[in-house]
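As structure tokens, the structure follows; a few thoughts come after it.
FYI, it's all coordinate maths here, none of it is from the lab. For clarity, every value in this text was computed on a predicted model and none was experimentally measured. Cβ coordinates were reconstructed from backbone atoms using ideal geometry, including for glycine residues, and neighbour counts include every protein chain displayed.
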Amino acid sequence: MTDGCVLRLAWSTLLQEGDQKKAVFYASSSDGGRTFSPRVRIDQAGEKVHAGHPQIAKAGGRVFVAWDETTGTGFRIQLREVGSAAGVGSIATLSDDESATYPALAVTRSSVVAAWTRRAKTSSEIVVRRVGL
């Protein structure tokens with residue numbers, strides 16, 4: 001790795017506190033992976049949801065993580081900016097229904113593009129949404 005390169009990780013893990021649930025965390029390393037920042041939980045702590053399948057993307061100087069999580073009746077896609085000088089941003093819900101899973105992120109010159117699978121009765125479809133910067 002070259003000087004100035006930052007390694008960024010987002011992962012889900014099973015928590016053993018209280019009711020078992022999955023949570024999504026973020027950490028970074030500026031020394032090629034020899035040491036990492038303390039992990040930061042980025043899903044909504046305290047809610048009884050399972051968060052998983054995190055995806056990470058860097059656009060300009062901003063870093064975003066998307067994940068899916070359970071709701072009372074299904075799943076939703078969440079997005080949060082992480083790793084900025086200000087810490088972590090607020091969580092944005094990207095999906096407009098409760099059958100959304102497996103997010104993916106891509107970066108264009110002017111935005112982050114999120115895609116996910118939406119389950120239908122007899123099939124599934126891919127939903128794409130542009131997130132402005």
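Within the chain, the longest segment free of exposed loop sites, counting trypsin sites (Lys or Arg not before Pro) that fall outside DSSP classes H, G, I, E and B and have at most 11 other Cβ atoms within 10 Å, spans 49-108. Go through the stretch 26-133 and name the GluC sites (Glu not before Pro) that are in a DSSP coil and have 13 or fewer other Cβ atoms within 10 Å of their Cβ. Answer by residue number: GLU47.
Partner lysines whose Cα lies under 16 Å from the Cα of LYS22, excluding those fewer than 8 positions away in the same chain, are identified as LYS48.
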